[in-house]
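Read the figures in this text as sums done on the coordinates, not as results from a lab. Since this is a predicted model, take the numbers as computed values, not measurements. For neighbour counting, all protein chains shown are included, and Cβ atoms are generated from backbone atoms with ideal geometry for every residue, glycine included.
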Amino acid sequence: MSDVKQKVKQFFQAYEARFMRALQGDNKIEGAVDDVEGTVNAFAEHFIEASPAGVVAGKNDDSFRKMIPQGNEFYRSIGTQLMKIRDIDVAELNEHHVMATVEWDSRYKRKDGTEIAISFEVVYLLQHIEGELKIFAYITGDEQQALREAELI
């Protein structure tokens with residue numbers, strides 16, 4: 001495995017660990033750790049999200065910083081218990097860019113106590129400059145629809 005592919009896998013293992021730390025708390029219990037700086041540092045100055053809902057350009061600024069804890073709170077509020085990487089496929093596009101297809105295994109506990117698992121895939125485009133990886137785009141499926149079908153929202 002190339003050094004870049006190994007770095008990408010380590011990058012996403014750290015991403016996964018940040019998400020899991022953020023899920024450790026809930027609305028009533030202290031303990032969740034929103035690693036805002038770690039998440040901010042994982043993204044390029046500007047980035048793009050594409051999903052069936054549309055394409056959104058984002059800026060890695062103060063409003064993005066404020067959205068990170070809000071996003072984590074959303075996942076905690078719908079009963080997200082686990083967000084683990086099942087598999088990562090890394091393709092080097094050129095000297096400075098890679099594509100990582102990450103298969104996520106997520107687990108939820110509904111308000112009635114039943115548990116549900118949802119697997120989904122996200123394609124990330126990363127820039128590799130001066131030894132640093134930064135997400136500059138990601139492509140997702142219809143997460144909101146999957147959550148509605150699972151009766152989580």
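Which of Leu82, Phe11, Gly38 sits closest to the plus end of the dipole of region 3-149, meaning its Cα is farthest towards the positive end, when Lys and Arg get +1 and Asp and Glu get -1 on the C-beta? After comparing all options, I get Leu82. Note: relative contact order over the chain, using C-alpha pairs below 8 Å and six or more positions apart, is 22 percent. Counted by neighbouring Cβ atoms within 10 Å, the residues Val122, Val55, Val8, Val98 run from fewest to most as Val55, Val122, Val98, Val8.
Computed from Cα positions, the angle between helix 62-77 and the longest principal axis of the chain comes to roughly 40 degrees. Distant-in-sequence amide contacts of Gln81, defined by a placed amide H-H separation under 5 Å and a gap of 5 or more residues or a different chain, comprise Arg107, Tyr108, Lys109. Amide H contacts for Asn60 (H built 1.01 Å from N in the peptide plane; partners 5 or more residues away or on another chain; cut-off under 5 Å): His46, Phe47.
The calculated FRET efficiency for Asp89 paired with Thr114, based on their beta-carbon distance and R0 = 25 Å, is about 0.20. Among Thr140, Thr39, a tally of other beta-carbon atoms within 10 Å of each Cβ gives an order, fewest to most, of Thr140, Thr39. When Phe43, Phe19, Phe120 are sorted by how many other C-beta atoms sit within 10 angstrom of their C-beta, beginning with the fewest, the order is Phe120, Phe43, Phe19.
Working note: Karplus 6.51/-1.76/1.60 with θ = phi - 60° gives region 45-52 the couplings 4, 10, 8, 10, 10, 10, 8, x Hz, where Gly and Pro are set to x. Mean residue ellipticity at 222 nm, helices only, the chain: -10500 deg cm²/dmol; runs of at least 4 DSSP H residues each add -39,500 (n - 2.57), and the sum is divided by the number of residues. The number of Lys pairs in the chain with C-alpha atoms less than 15 Å apart, excluding pairs fewer than 8 positions apart on the same chain, is 6.
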